[in-house]
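> Questions regarding the structure given below will be posed in turn.
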Amino acid sequence: MARMAPSQENRYKPPSFRRIDDQVIEEADVAVFTFNIGDTEDPDIIAGFSIQDWQKSESGRWVHEHCVEIPYWIRRMTPMVYGYQYVIMTRLTKQNETFFKMKFK
């Protein structure tokens with residue numbers, strides 16, 4: 001199973017550009033999976049099951065094969081439903097971001 005980076009630090013980076021040979025490649029952080037969990041004593045343990053299922057899915061395997069950096073997750077409070085929203089983020093090239101959005105979203 002692939003590793004996920006911890007979410008304790010702010011890992012978001014603004015879009016950046018790299019030059020490979022004669023091409024300029026744009027990279028950006030992309031939200032690849034989002035899910036909600038109701039109010040519970042330890043939401044990270046419950047979220048682990050959803051993250052593990054996502055990693056085994058077709059989109060999760062594709063993201064781990066094509067990501068520039070290790071995916072990471074962010075936990076946000078959602079007062080509307082008295083729970084938490086988890087967002088899995090990763091850094092993709094613009095070409096891979098477009099492919100991901102067309103195929104999996």
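Every number here is computed from the coordinates shown, using simple stated rules; none is lab data. As the structure is a computational prediction, the values presented were derived from the model and not from experiment. When we count neighbours, we look across all protein chains shown, and the Cβ atoms used for this are built from the backbone with ideal geometry, even at glycine.
> From the list Tyr86, Tyr82, which one is at positive phi and free of Cβ contacts under 8 Å to residues at least 60 places away in the same chain?
Tyr82
> Take the stretch 65-75 and flag every residue that is within 15 Å of Ala28 (Cα to Cα) and assigned to a helix (DSSP H, G or I).
His66
> Looking at the stretch 2-21, is at least one residue under 14 Å from the mean Cα position of the chain (by Cα) and without any contact (Cβ under 8 Å) to a residue 40 or more places away in the chain?
Within the stretch 2-21 (the criterion being under 14 Å from the mean Cα position of the chain (by Cα) and without any contact (Cβ under 8 Å) to a residue 40 or more places away in the chain), the answer is yes, since at least one residue qualifies.
> Of all residues in the stretch 88-104, count the ones that are of a type in the set (Lys, Arg) and either touching a helix residue (DSSP H, G or I) at 6+ places or on another chain (Cβ under 9 Å) or closer than 15 Å to Ile70 by Cα (or both).
2
Quick grid of which residues meet (1) surrounded by 11 or more Cβ atoms within 10 Å (Cβ to Cβ); (2) part of a helix (DSSP H, G or I):
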residue: Arg19; (1), (2): no, no
residue: Val24; (1), (2): no, no
residue: Asn36; (1), (2): yes, no
residue: Thr40; (1), (2): yes, no
residue: Ala47; (1), (2): yes, yes
residue: Asp53; (1), (2): yes, yes
residue: Leu92; (1), (2): yes, no
residue: Met102; (1), (2): no, yes
